[in-house]
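Taking it in order: structure first as structure tokens, then the write-up.
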Amino acid sequence: ELRLKNILGQVNLYYMDYTNQLVNTGALSDVGSNLRTNVENSYRAGIELVGSFKLTKKLNWTINTTLSQNKIALYTEDISGIQIEHKNTDISLSPSVITGSLISYQPIKGLELGVQTKYVGKQYLDNTQSDDRSLPEYLVSDFIASYSTSLLSLKTVQFNLLVNNIFNEMYSSNGYTWGFIYGERVSENWLYPQAGTNLLAGVTVKF
């Protein structure tokens, strides 16, 4: 951990070694639940970087990044009754890069404005590390505004505004896949598209 006058930095390392970890296969059951299976040897290892910067008296920037490897030593895929082995393959829905950023600004007392950004790297729908069954990377930003004041006999009134996906990014954050062999392998992917630009407003009152 690093602490300076206007900078706070932190580095975390982790390594988790699993025996019989339960992982998603990428498929769904007939009632829509994720199907899972045990894998004999697997691990998750990575580094987490966190930084907080006081750019000016009213402007702050916080950023965090996780770089990781999430691997299965040997994964046996069963497709149409045929077993296919995959060595040193990525665990499903486990991106190797995730980054979050928050820039906040307080122009006057009680008012806070912010832009929150999230980047998620490429991830795979199943445990075969196939580009044909993957989710592309995406970058999404939200705008946040809040204003707190006292009003009449109320202790605090806080007005909140959240504008999600301000750049109207078209992306999917999850999905599932199903495949079969008909002469050659056929894969069918279903993705969950996320909403475009949308907003949420609210008021919080404390007596």
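The values are calculated or read from the model by the stated rules, or taken from the named source; none is laboratory data. None of the values given here were measured: they were computed from a predicted structure. Glycine gets a Cβ as well: all are built from the backbone with ideal geometry, and neighbour counts include every protein chain shown. Ligands, DNA and RNA are excluded from the accessible area calculation, which covers all protein heavy atoms including side chains. Shrake-Rupley method; radii C 1.70, N 1.55, O 1.52, S 1.80 Å.
I need to check one value: relative contact order of the chain, counting alpha carbon pairs closer than 8 Å and at least 6 residues apart, in percent. Working shown, then result.
Working: 525 pairs, mean separation 29.6, N = 207.
Relative CO of the chain lands at 14 percent.
Restricting to DSSP loop positions (anything but H, G, I, E, B) with no more than 14 other Cβ atoms inside 10 Å of their own Cβ, which chymotrypsin sites (Phe, Trp or Tyr not before Pro) remain in the range 95-173? Walk me through the numbers before you get to the answer.
On the way: sites: Tyr105, Tyr119, Tyr124, Tyr138, Phe143, Tyr147, Phe159, Phe167, Tyr171; in loops: Phe167, Tyr171.
Here the chymotrypsin sites (Phe, Trp or Tyr not before Pro) that fit, given the DSSP loop and packing criteria, are Phe167.
Using 11 Å as the cut-off for backbone N distance, which residues of the range 141-170 belong to the label zone defined by a point 7 Å from the Cα of Ala195 along Cα→Cβ?
Flagged as within label range: 162-165.
Karplus couplings for the range 46-57 from phi (6.51 cos²θ - 1.76 cosθ + 1.60, θ = phi - 60°), rounded to Hz, Gly and Pro as x?
Calculated HN-Hα couplings, in order: x, 10, 10, 10, 10, x, 10, 10, 8, 6, 9, 4 Hz.
Can you give the FRET efficiency for Ala45 and Arg185, using 1/(1 + (r/R0)^6), R0 = 25 Å, r = Cβ-Cβ distance, to the nearest 0.05? Let's see the in-between values first.
Numbers: r = 30 Å, r/R0 = 1.22.
Calculated transfer efficiency: 0.25.
Go ahead and set up a Gaussian network model of the chain, Cα springs under 10 Å, then flag whichever of Leu102, Leu67, Leu152 fluctuates most.
Result: Leu152 has the largest fluctuation of those listed.
Would you mind checking the range 110-124 for residues with the amide N under 19 Å from a putative spin-label position 7 Å along Cα→C-beta of Phe53?
Once the point is set 7 Å along Cα→Cβ of Phe53, 113-119 turn out to lie under 19 Å by backbone N, inside the range 110-124.
Can you send over the carbon and sulfur percentage of the accessible area for the chain, probe radius 1.4 Å, protein chains only? Don't skip to the answer; put the middle values down first.
On the way: 7230 of 13150 Å².
Carbon and sulfur: 55 percent of the exposed surface of the chain.
Would you mind getting the accessible area per residue of the range 79-207, heavy atoms of the protein chains only, 1.4 Å probe, in Å²?
61 Å²
List the residues, sorted by chain then number, that are 5 or more residues from Leu74 or on another chain and whose placed amide H is less than 5 Å from its amide H.
So Leu74 has HN proximity to Asn41, Asn88.
Among (i) 150; (ii) 172; (iii) 127, which is the computed volume of the Cα convex hull per residue in Å³?
Working out volume of the Cα convex hull per residue in Å³ from the coordinates points to (ii).
Once you put a point 7 Å from the Cα of Lys206 and another 7 Å from the Cα of Ser148, both along the Cβ direction, what distance in nm separates them?
Taking the simple label geometry, Lys206 and Ser148 are separated by 0.5 nm.
From the phi of every residue in the range 101-115, what ³J(HN,Hα) in whole Hz does the Karplus formula 6.51 cos²θ - 1.76 cosθ + 1.60 yield, where θ is phi - 60° and glycine or proline is x?
Calculated HN-Hα couplings, in order: 9, 9, 9, 10, 9, 10, x, 9, 4, x, 10, 10, 10, x, 10 Hz.
Could you pull out the GluC sites (Glu not before Pro) across the range 108-207 that fall in loop regions by DSSP (anything but H, G, I, E, B) with no more than 15 other Cβ atoms inside 10 Å? Working shown, then result.
Values: sites: Glu112, Glu137, Glu169, Glu184, Glu188; in loops: Glu137, Glu169.
Those that pass, being in a loop and sparsely packed, are Glu137, Glu169.
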